[in-house]
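The values are calculated or read from the model by the stated rules, or taken from the named source; none is laboratory data. Bear in mind that the values here come from a model prediction, so they are computed numbers and not experimental data. Every residue, glycine as well, gets a Cβ built from its backbone with ideal geometry; the counts of neighbours run over all protein chains shown.
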Amino acid sequence: MRSKEKYEYICRNCGYSSPKWLGKCPQCGEWDSFDRQNVIIKPKRFADKLNDNSATSLTPLPDINLEGFRRIDVGFEELNRVLGGGLVPCSVNLLGGEPGIGKSTILLQIAGYISQTGGRVIYITGEESAIQIKNRAERLKIDSRELLIGTETDIKEIIRKIDKINPTISIIDSIQAVYDQEVGGFPGTVGQIRESTAACIDYAKKTDTSFILAGHITKDGTIAGPKLLEHLVDTVLYFEGDKDYLYRIIRGVKNRFGPAGEIGVFEMRSGGLREVKNPSAIFLGEYLEQTGSVITPIMEGSRPFLIEVQALAAPSGYSVSQRVSVGFDSKKLSLITAICEKKGGIRLSGMDIFVKILGGIKVDEAAVDLPMALALYTSINDLSIPAHTVVFGELGLGGELRGVPSAEYRIAEASRMNFKNIILPSSNAANLPQSITKGINIIKVSHINQAFNSLNRQ
């Protein structure tokens with residue numbers, strides 16, 4: 001039966017397909033995002049499907065054997081924790097991030113560690129030459145005969161090479177560079193990325209090989225690839241951080257084998273990425289007690305660490321005041337500014353406001369509301385929060401303070417870093433065990449005015 005060709009329109013943002021062009025994607029709401037692509041259909045009769053002997057047999061749940069199951073150590077405790085204990089055999093893992101953020105570096109470090117500790121690794125690159133990989137490996141001090149480098153872009157040829165070698169893990173850098181000859185479109189298009197990934201998933205589930213796929217995205221995640229494939233793969237990791245800073249964060253967005261939302265903190269050095277096991281000490285390493293500066297404990301997954309929030313308010317020289325934020329949502333800044341002015345009694349209209357989360361990280365949790373408000377208050381009034389003080393809490397529109405999750409973990413981290421004063425919502429303070437609060441001065445506040453007054457009294 002002859003194969004036939006047809007066209008369909010696919011959203012480059014989310015992968016939604018339509019038989020005709022649409023101005024707005026009904027799935028993700030993106031405008032002007034549909035591209036026309038070739039689709040080759042190979043029909044197969046239903047009778048042929050019934051006679052297909054390659055179908056997977058069914059196994060009763062009690063008969064499934066877990067004795068041989070073990071996770072693969074990737075060489076970084078931080079990354080092992082994000083993965084839930086290590087890399088799972090037969091899994092397909094996606095590592096996304098901006099170009100140049102450090103994906104290829106950490107993938108080569110993972111490949112080097114596994115190949116030097118009894119495993120075999122295939123590293124397929126579609127964007128670089130073998131010489132470029134060799135130069136990076138020498139800089140990272142990686143030299144192993146069990147690490148096999150290949151330069152290939154045809155996904156079928158890649159699967160054939162993997163099947164011949166039977167490696168512990170296979171790394172493809174990047175998924176946007178590979179293609180399937182039977183699928184229309186250029187490498188990097190929605191159809192090509194989807195089919196290439198599907199081929200990796202199909203092979204991984206039938207063998208013991210694990211895959212790590214690298215994928216490039218922009219800051220807003222608009223390039224087709226990682227965002228499109230999140231529902232297909234087992235684990236989704238995103239590399240975050242500013243290339244102007246030393247620090248990088250790997251965030252687990254999805255994990256079928258462990259908790260999602262965990263992060264690992266790394267530091268970029270000339271010899272590669274190094275894990276940071278005490279992020280609080282790193283982010284507070286240059287902290288100075290000054291106006292507009294507040295320390296707050298945040299939660300990333302199950303892990304607390306301390307960061308510095310800074311704010312600067314100055315009279316505006318323009319008819320329209322500026323609101324500039326770095327590492328913090330600008331709309332949320334406008335909300336906190338309005339609460340401070342309406343319910344807190346501080347005059348911020350006609351002021352330029354600048355806020356920044358130090359260290360190049362991004363924060364969006366509600367517990368940063370009160371620290372941001374106090375940073376603005378101290379900047380306006382030329383006050384400084386007393387030393388060894390941390391603040392956390394969520395602000396309501398009426399100026400009331402709401403409790404936040406994991407208060408005891410935040411306080412324990414602050415205590416570990418020798419902070420003795422805690423300003424927090426009254427609802428959180430009511431349920432704290434005495435073992436955590438021993439030796440700590442707990443300052444309970446239920447309204448934003450109480451928080452402001454607590455600073456005036458100190």
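Selection of first residues in region 84-99 that are assigned by TED's automatic domain parsing to the domain that holds residue 203 and closer than 18 Å to residue 163 by Cα and of second residues that are among the acidic types (Asp, Glu) and modelled with pLDDT of 90 or more, restricted to Cβ pairs under 8 Å at least 6 apart or on distinct chains, gives the following pairs, ordered by first then second residue: 91/234; 92/234. Checked against (1) within 23 Å of residue 251 (Cβ to Cβ); (2) touching a Leu at 6+ places or on another chain (Cβ under 9 Å); (3) not in a strand (DSSP E or B), residue 95 passes all but condition (3). Residues in region 371-399 that are more than 25 Å from residue 315 (Cβ to Cβ) and either of a type in the set (A, V, I, L, M) or crowded, with 24+ Cβ neighbours inside 10 Å (or both): 387, 390, 391, 392, 393, 397. Residue check: is residue 324 assigned to a loop (DSSP other than H, G, I, E, B), out of contact with any Cys (no Cβ under 6 Å at 6 or more places or on another chain) and surrounded by fewer than 14 Cβ atoms within 10 Å (Cβ to Cβ)? Criteria not met by residue 324. Please verify whether residue 80 is at pLDDT below 75, among the polar types (S, T, N, Q), outside the structural domain of residue 303 (by TED's automatic domain parsing) and surrounded by 10 or more Cβ atoms within 10 Å (Cβ to Cβ), treating the condition exactly as stated. It is false that residue 80 is at pLDDT below 75, among the polar types (S, T, N, Q), outside the structural domain of residue 303 (by TED's automatic domain parsing) and surrounded by 10 or more Cβ atoms within 10 Å (Cβ to Cβ). The C-beta contact set for region 382-400 (first residue closer than 21 Å to residue 429 by Cβ, second residue surrounded by fewer than 16 Cβ atoms within 10 Å (Cβ to Cβ) and at pLDDT 95 or above, distance under 6 angstrom, 6+ apart or interchain) is empty. When the test is whether a residue is surrounded by fewer than 16 Cβ atoms within 10 Å (Cβ to Cβ), modelled with pLDDT of 90 or more and in a strand (DSSP E or B), residue 309 does not pass it. Within region 146-172, no residue satisfies the criterion of being in a loop (DSSP other than H, G, I, E, B) and without any contact (Cβ under 8 Å) to a residue 24 or more places away in the chain. Do we have residue 346 as surrounded by 21 or more Cβ atoms within 10 Å (Cβ to Cβ), modelled with pLDDT under 95, not aromatic (Phe, Trp, Tyr) and not assigned by TED's automatic domain parsing to the domain that holds residue 248 here? When the stated conditions are applied, residue 346 does not pass them. Residue selection: residue 112 satisfies the criterion of being crowded, with 22+ Cβ neighbours inside 10 Å and out of contact with any strand residue (DSSP E or B) (no Cβ under 6 Å at 6 or more places or on another chain).
Within region 413-424, being buried (at least 16 other Cβ atoms within 10 Å of the Cβ) and over 27 Å from residue 351 (Cβ atoms) holds for 413, 414, 415, 417, 419, 421, 422, 424. Among the residues making up region 350-373, none is under 12 Å from residue 333 (Cβ atoms), in contact (Cβ under 8 Å) with a residue 60 or more places away in the chain and part of a loop (DSSP other than H, G, I, E, B). Just one of the listed residues (260, 338, 314) is part of a helix (DSSP H, G or I) and surrounded by fewer than 17 Cβ atoms within 10 Å (Cβ to Cβ), namely 338.
Right, residue 387: part of a loop (DSSP other than H, G, I, E, B) and either at pLDDT below 95 or among the β-branched types (Val, Ile, Thr) (or both) or not? The answer is yes for residue 387.
The listed residues are 156, 164, 103, and the only one of them that is outside the structural domain of residue 10 (by TED's automatic domain parsing) and farther than 16 Å from residue 213 by Cα turns out to be 164.
Within region 285-306, take every residue that is surrounded by fewer than 19 Cβ atoms within 10 Å (Cβ to Cβ) and among the hydroxyl-bearing types (Ser, Thr, Tyr) and give me the one that is nearest to the chain's Cα centre (by Cα). Of everything passing the filter in region 285-306, 302 is nearest to the chain's Cα centre (by Cα).
Consider residue 74 carefully, then state whether it is touching a residue at least 40 places away in the same chain (Cβ under 8 Å) and under 23 Å from the mean Cα position of the chain (by Cα). When the stated conditions are applied, residue 74 passes them.
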